[in-house]
Amino acid sequence: MDKVVILARVSTQAQDYQRQVTELQDYCKNVGWEVTRVFANKISGAKMATERAEIMEMVTYIKSNNVKRVVVLEISRLGRNTLEALKVIQVLNENGVSLHIKNYNLNTLNPDGKPNPVASLITTILLEIAQMERLTIQERMASGRDQYIARCREKGIKMGRPSSYRKSDEAYKEQYQKEISLLRKGISYRNIYAITGTSVGTLRRLKAYL
């Protein structure tokens, strides 16, 4: 029975990769593959492979556990940045590990362990299409936003917060409880910024409340 690992990914925290994992586990069971590990994360596929912890952990795992196949639901789950996704495939190929793309029943390596030239061509095309679709969606969203703003301006509708808007002292204290607690302990602005990510300007305003 072939040993395989599953790789799943979603690009936002609001999404859930469990559907991918369940579908792939059922698929591997049906074809007689033993799933020894699942690598999954919620992170943008546009990030470099070296910045994706699950990719680097997976490469280390397959090297030491005699895994011969990585299974993904679709090519975009590997990464929507074409170059970085192809780098992952290259690393797998170099270690004698085939990437199996379930929705195309496609393997990047032939049974003899040599790269599958047809799969190489198809994966490159699929990755390019996925990247183009992503850019098209971004452009449509930006265009829709710009059109909405233009219509509001034509109607004299002001965008953003009213010029008179200002958070109440109580609202500030409620939102920045942790920062206020650290300020009271005498922690420096720089260290509080490192801990919380709150800007020094905001911390100075909070200091005024103490």
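The values are calculated or read from the model by the stated rules, or taken from the named source; none is laboratory data. Please read these numbers as outputs of a predicted model, since none were measured by experiment. Neighbour counts are summed over all protein chains in view; Cβ atoms, including those assigned to glycine, are modelled from backbone coordinates with ideal geometry. These accessible areas exclude ligands, DNA and RNA; they are computed on the full protein's heavy atoms, side chains included. Shrake-Rupley method; radii C 1.70, N 1.55, O 1.52, S 1.80 Å.
Summed over the range 30-80, the residues that are more than 26 Å from residue 129 (Cβ to Cβ), at pLDDT 85 or above, in contact with a strand residue (DSSP E or B) (Cβ under 9 Å, 6 or more places away or on another chain) and not in a loop (DSSP other than H, G, I, E, B) give a count of 7. Selection of first residues in the range 194-210 that are open to solvent by 80 Å² or more (accessible area, probe 1.4 Å) and of second residues that are in a helix (DSSP H, G or I), restricted to Cβ pairs under 8 Å at least 6 apart or on distinct chains, gives the following pairs, ordered by first then second residue: 195/182; 204/189; 205/172; 207/183; 210/180; 210/183; 210/184. Residues in the range 99-131 that are modelled with pLDDT of 85 or more, open to solvent by 60 Å² or more (accessible area, probe 1.4 Å) and of a type in the set (Val, Ile, Thr): 118 alone.
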